[in-house]
């Protein structure tokens, strides 16, 4: 039988094994070189290696670009030359500590600057992170410096944008607030500070309910519950009390502020002051009411005037031709004549309501105008020694109708006299007439105060209504005429009063009215 092949397979030679091992190590070395190139030579961050003496031993291309030095120039330099002097104590410290620190231990992480010899004198802003590195028993410091110029530019643009939007928010005419879910004020802009007369530190953290009108609380609760306003087509309003107790009305626009999960974390509110609009609407309604009253009075007075004139003339005829010795007849005729005269004056007041003249606005000194009226009243007060009157009028010159001002002051002062004297005319008290400039509002304020009987809230609310009077002989047209005269000059009039506490009438006129 033939013998089988019993020879052993050929084994690789030692040379072949060495070649394979060499090739494998060469591949590994190339991988390491590529890794080194990617990790050290090519990254955007500047990489520096310096020894414990602070001498730079290696650097990548980014480090050369940021320092403005060639690699030959950079190697051998001390790290102290690459960073601001203020960082020298820190660098000295890490050079001292590095030999005792573990491999990879971070020695410093700080924002600083990398000095550029050919460009920016203050250096390039960088984030420096240095670590201790142990290689073959040698300790080095490995520094990574990340260029922060793009970040700084972005931060500057962001800061500029924030400042611009903050300026808009702070100076817009509307009040802007942020509420948390419980109704606490988290933010209010400068307009809100000025409108409410309180500092931001006093308002932020305040429960909005504390300064809100009670009747508007349901609207606030709806906003807090739903995060917005819904329902009525008319925009809801808030009535908010200022630090002085003044009530201001604001149209409300509310929007929820979502958090990262989309849940409402608060409410952004924009409040537009509509108090002036409400006042204008009320003035228009008042003017319309007065116009209707005037139309009726015009018809009535013309019908009454002629018979009244006949009555007055007849009374005068009887007074002259009847026996002057008959005192009773003379007394009756005198009464008829006086009442006819009084009725005629009432009719003239009715007609004045219908024919409010356009004010003759000329430059006048306000002090003499008021003082002359007060002097005339003082002459009449000689018959009422229990009533005194004083004045404190600040000087000011502005456009006004002097005749209307005289009528206004005369009416207000005489009302004050009647309030003090009472129905029997024997009361005593004092009247004060003051005038001053309201600097912040550019208006002149005239106030007539008395310590007479005063008015309860219901009476005070109706004081400017036509025909409303508390006097037995009054027509109820004095204060409505005052109101119409003041508003014709672009001003406003209001009162403060309390039963038994006297009354103060305020007249505010614009200092910047045009001469007409």
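Is it fair to say residue 264 is surrounded by 14 or more Cβ atoms within 10 Å (Cβ to Cβ), over 27 Å from residue 276 (Cα atoms), modelled with pLDDT of 85 or more and outside the structural domain of residue 125 (by TED's automatic domain parsing)?
Taking the combined requirement at face value, the residue does not satisfy it.
Scan (1) at pLDDT below 85; (2) closer than 17 Å to residue 149 by Cβ for the single condition residue 127 breaks and write down its number.
In the conditions (1) at pLDDT below 85; (2) closer than 17 Å to residue 149 by Cβ, residue 127 misses (1) alone.
Is it true that residue 395 is closer than 16 Å to residue 374 by Cβ and within 35 Å of the chain's Cα centre (by Cα)?
yes
Going through the range 96-114 one residue at a time, which ones are over 15 Å from residue 52 (Cα atoms) and in contact with a helix residue (DSSP H, G or I) (Cβ under 6 Å, 6 or more places away or on another chain)?
112, 114
When the residues of the range 407-440 are narrowed to those that are assigned to a loop (DSSP other than H, G, I, E, B) and touching a residue at least 40 places away in the same chain (Cβ under 8 Å), which ends up surrounded by the most Cβ atoms within 10 Å (Cβ to Cβ)?
Out of the qualifying residues, it is 427.
Out of the range 186-220, which residues are closer than 21 Å to residue 236 by Cα, over 12 Å from the mean Cα position of the chain (by Cα) and part of a helix (DSSP H, G or I)?
The answer is 208, 209, 210, 211, 214, 215, 216, 217, 218, 219, 220.
Residue 274 versus (1) within 19 Å of the chain's Cα centre (by Cα); (2) surrounded by 12 or more Cβ atoms within 10 Å (Cβ to Cβ); (3) modelled with pLDDT under 75: which is the lone unmet condition?
(3)
Taking the condition at pLDDT 90 or above and exposed (fewer than 15 other Cβ atoms within 10 Å of the Cβ), does residue 368 pass?
yes
Quick check on my filter: what residues within the range 51-78 are within 13 Å of residue 145 (Cβ to Cβ) and modelled with pLDDT of 90 or more?
Selection gives 56, 74.
Given the residues 69, 87, which is the only one that is crowded, with 17+ Cβ neighbours inside 10 Å, in a loop (DSSP other than H, G, I, E, B) and without any contact (Cβ under 8 Å) to a residue 60 or more places away in the chain?
Of 69, 87, the one residue that is crowded, with 17+ Cβ neighbours inside 10 Å, in a loop (DSSP other than H, G, I, E, B) and without any contact (Cβ under 8 Å) to a residue 60 or more places away in the chain is 69.
Residues checked against (1) under 11 Å from residue 141 (Cβ atoms); (2) surrounded by fewer than 17 Cβ atoms within 10 Å (Cβ to Cβ):
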position: 53; (1), (2): yes, yes
position: 59; (1), (2): no, no
position: 62; (1), (2): no, no
position: 65; (1), (2): no, yes
position: 73; (1), (2): no, yes
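Does any residue of the range 278-285 turn out to be touching a strand residue (DSSP E or B) at 6+ places or on another chain (Cβ under 8 Å), closer than 22 Å to residue 479 by Cβ and either part of a helix (DSSP H, G or I) or at pLDDT below 65 (or both)?
yes
From the list 515, 507, 493, exactly one residue is under 34 Å from the mean Cα position of the chain (by Cα) and at pLDDT below 85. Which is it?
Matching residue, one of 515, 507, 493: 515.
Under the condition of being in a loop (DSSP other than H, G, I, E, B) and at pLDDT 85 or above, which residue from the range 135-185 is nearest to residue 103 (Cα to Cα)?
The selected residue is 148.
The values are calculated or read from the model by the stated rules, or taken from the named source; none is laboratory data. This is a predicted model, so every value here is computed, not measured. Neighbour counts run over all protein chains shown; Cβ positions are idealised from the backbone, glycine included.
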